[in-house]
1. So is A:ASN140 outside any loop (DSSP other than H, G, I, E, B) and touching a Ser or Thr at 6+ places or on another chain (Cβ under 6 Å) or not?
2. Which residue out of B:ALA146, B:ALA133, B:ALA174, B:ALA96 is of a type outside the set (S, T, N, Q) and within 9 Å of chain A (Cβ to nearest Cβ)?
3. Scanning region A:96-127 for residues that are touching a Gly at 6+ places or on another chain (Cβ under 9 Å) and more than 22 Å from A:GLY53 (Cβ to Cβ), which turns out nearest to the other protein chains (Cβ to nearest Cβ)?
4. So for region B:138-161 (the condition being at pLDDT below 85, of a type outside the set (A, V, I, L, M) and more than 29 Å from B:TYR26 (Cβ to Cβ)), does at least one residue qualify?
5. Out of the residues in region A:144-175 meeting the condition of being among the small types (Gly, Ala, Ser) and surrounded by fewer than 20 Cβ atoms within 10 Å (Cβ to Cβ), tell me which one is farthest from the other protein chains (Cβ to nearest Cβ).
6. Return yes when A:GLY224 is surrounded by 13 or more Cβ atoms within 10 Å (Cβ to Cβ), in a loop (DSSP other than H, G, I, E, B) and at pLDDT below 85 and no when it is not.
7. Report whether or not A:ALA141 is more than 9 Å from chain B (Cβ to nearest Cβ) and modelled with pLDDT under 90.
Amino acid sequence: MATIESSLLNIGYLETLSYQQTPLHRLDPRAKLLTTLVFIIAVVSFGKYEITGLIPFMIYPVALIAVGNLPPGYLARKILLAAPFAFFIGIFNPLLDRAVLVQLGPVGLSGGWVSFASIMIRFTLTVSAALILIASTGLNAVCLALERLGAPTGFVVQLLFLYRYIFVLTDEALRLMRARSLRSFQGRGLGFKVFTYLIGQLLLRTLARAQRIHLAMRSRGFDGTIRLLRPLEFHLQDAVFFLGWSSLFLLLRWYNLPHQLGHLLTGLAP
Amino acid sequence: MHMADALMSPAVGGTMWAATAGLTAYSAKKLRKDLDEHKVPLMGVLGAFIFAAQMINFTIPATGSSGHLAGGMILAILLGPSAAFITMASVLTIQALFFADGGLLALGCNIINMGFFPCFIAYPLVYQKIVGARPTRGRILLGALAASILALQLGALGVVLETFFSGVAALPFATFLLLMLPIHLAIGIVEGLVTAAVVSFVWQAHPEILALAPAAPAARGHSHKPLWLGLALFAVVTGGILSWFASSHPDGLEWSVKGVTGQEELAAPREGVHGALARIQDKLSFLPDYDFKKPAAEKQAEKPESWPEISTGKSLAGILGAALTLLLTGVIGLGLRRYCSPGKG
């Protein structure tokens with residue numbers, strides 16, 4: 001019950017974040033979408049034992065969070081919530097890969113722990129990039145960008161529709177759950193049978209709603225295609241944003257910055 | 001069973017993206033050709049329904065844990081394969097963007113695992129064959145159960161294959177498979193029971209709804225084109241990746257065979273993939289010997305005197321440098337925030 005409300009609030013909150021007016025929010029959604037993709041590919045393309053090379057990539061989420069006035073604590077919580085799958089697959093690495101890879105004086109660090117740390121860093125980087133994209137752009141603009149970049153219109157329209165009705169239907173589900181828990185004690189006993197009745201009921205209401213929507217659309221002249229007519233302009237600053245970040249990612253991909261810095265610090269170690 | 005970006009290699013992610021893009025374009029084209037305009041709002045609202053339904057959990061009897069609906073099968077039964085595929089793809093996209101389930105690069109994998117398998121394989125080949133044109137309660141139960149189990153097993157197999165070919169996680173193929181398949185057998189049974197119960201509930205309340213959606217394509221004779229298209233794409237993708245592995249290191253294929261039969265110890269075969277990755281990485285990386293030091297015995301034997309020197313010096317330099325980079329990043333972030341905040345107010 002609480003989880004329904006909170007996850008609904010979560011979607012709403014991400015959407016609210018995207019209504020801000022900052023230099024980041026004013027950029028063309030295409031520039032942000034493409035930059036996010038380049039970032040993710042660059043991060044994922046590192047070898048499995050890479051840690052130091054990944055760290056400079058933190059600059060991208062950090063800079064965007066700062067410029068876009070996004071709440072770091074909230075994003076961190078969302079990243080933690082999504083962590084279990086990568087964590088549970090990754091945690092097998094230290095168990096299976098015990099060969100010592102890094103020697104720090106007397107302490108030897110096994111390759112498994114190194115690759116596990118690498119997985120968790122990658123996870124943080126890629127997930128934060130995706131969340132920042134939504135929080136700084138909003139789903140509708142991302143959909144427009146997708147359409148302009150050549151995604152099938154049918155799919156884009158489906159995304160827009162889905163997004164519009166998520167709020168309506170989760171409200172509906174919330175009402176069903178509330179009504180049930182008011183009539184039971186402490187919300188107990190949501191067994192299989194009751195569950196299927198609830199879902200079935202929700203499905204029937206959904207179908208009825210779809211029919212009403214369809215009639216409403218028909219009476220407004222719907223002929224099977226939805227036209228997305230909103231101007232998107234790719235300005236100079238969009239190109240600068242995309243090309244600037246992309247070249248930085250390429251540079252960081254080929255040139256291990258922490259390694260060089262470390263060498264400077266430790267006094268020209270080999 | 002959402003794949004995560006962190007466990008993916010770009011090659012696997014990219015090929016699965018390409019496969020997904022092809023299937024999405026095919027489904028969108030098919031929908032437009034069918035001119036089923038009442039499906040446009042229906043698909044959108046049913047996608048939202050899957051979301052809403054996933055938020056209601058039920059307690060699984062005798063276990064104390066709770067489960068919810070995954071939804072691919074219900075969508076296929078109500079909408080038919082191509083519309084269900086697009087709907088499932090959109091649901092997974094929203095989950096990737098808003099809940100960070102999976103990730104953007106892994107989205108292709110997730111759409112194949114949870115969209116393609118139920119919609120284009122389990123539904124036409126199992127559910128429709130069992131239920132046929134005249135559904136009964138028993139047939140719906142049997143069909144939904146069998147189809148859901150098949151879809152989830154294929155999906156779990158997909159996750160294992162994609163993780164294995166990405167080579168980031170160290171889990172051996174066979175172990176991972178033995179871990180995933182039984183779990184997803186249980187999940188598939190639950191999913192099948194829920195799907196059957198919900199579908200028969202709707203069928204009893206409004207039989208015409210079920211008659212409408214799936215019967216239309218069935219009457220014309222269901223086309224297996226998407227299935228073949230998907231299988232062909234899958235074959236090309238797998239073949240491509242396999243040959244890529246095979247060409248860079250001959251042990252890649254051998255490894256998977258041994259992994260499945262379980263005849264070799266864990267330590268030895270892992271070197272196949274590690275070796276292949278290292279070789280690729282050597283070609284790519286700026287400082288080839290820095291991040292991957294082969295712990296193998298023969299290397300140590302070759303030049304034992306270089307071991308301590310490399311590891312301590314380089315590790316220390318790496319750690320110090322990383323710390324400094326993190327610090328710099330933080331300073332830049334704080335500076336930007338301070339610089340930008342008066343501008344927005």
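The values are calculated or read from the model by the stated rules, or taken from the named source; none is laboratory data. Everything numeric here is computed off the predicted structure, so don't read it as measured data. Here Cβ is always computed from backbone atoms with ideal geometry, including for glycine, and neighbour counts include all displayed protein chains.
1. For A:ASN140, the condition - outside any loop (DSSP other than H, G, I, E, B) and touching a Ser or Thr at 6+ places or on another chain (Cβ under 6 Å) - is not met.
2. B:ALA96
3. Going through the qualifying residues, I end up with A:LEU96.
4. no
5. Among those residues, the one meeting the criterion is A:GLY150.
6. yes
7. So A:ALA141 fits the description; yes.
A quick yes/no check of all residues on (1) small (Gly, Ala, Ser); (2) out of contact with any helix residue (DSSP H, G or I) (no Cβ under 6 Å at 6 or more places or on another chain):
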{"position": "A:GLY12", "(1), (2)": "yes, yes"}
{"position": "A:LEU27", "(1), (2)": "no, no"}
{"position": "A:LYS32", "(1), (2)": "no, no"}
{"position": "A:THR36", "(1), (2)": "no, no"}
{"position": "A:ILE40", "(1), (2)": "no, no"}
{"position": "A:MET58", "(1), (2)": "no, no"}
{"position": "A:GLY68", "(1), (2)": "yes, no"}
{"position": "A:LEU75", "(1), (2)": "no, no"}
{"position": "A:PRO84", "(1), (2)": "no, yes"}
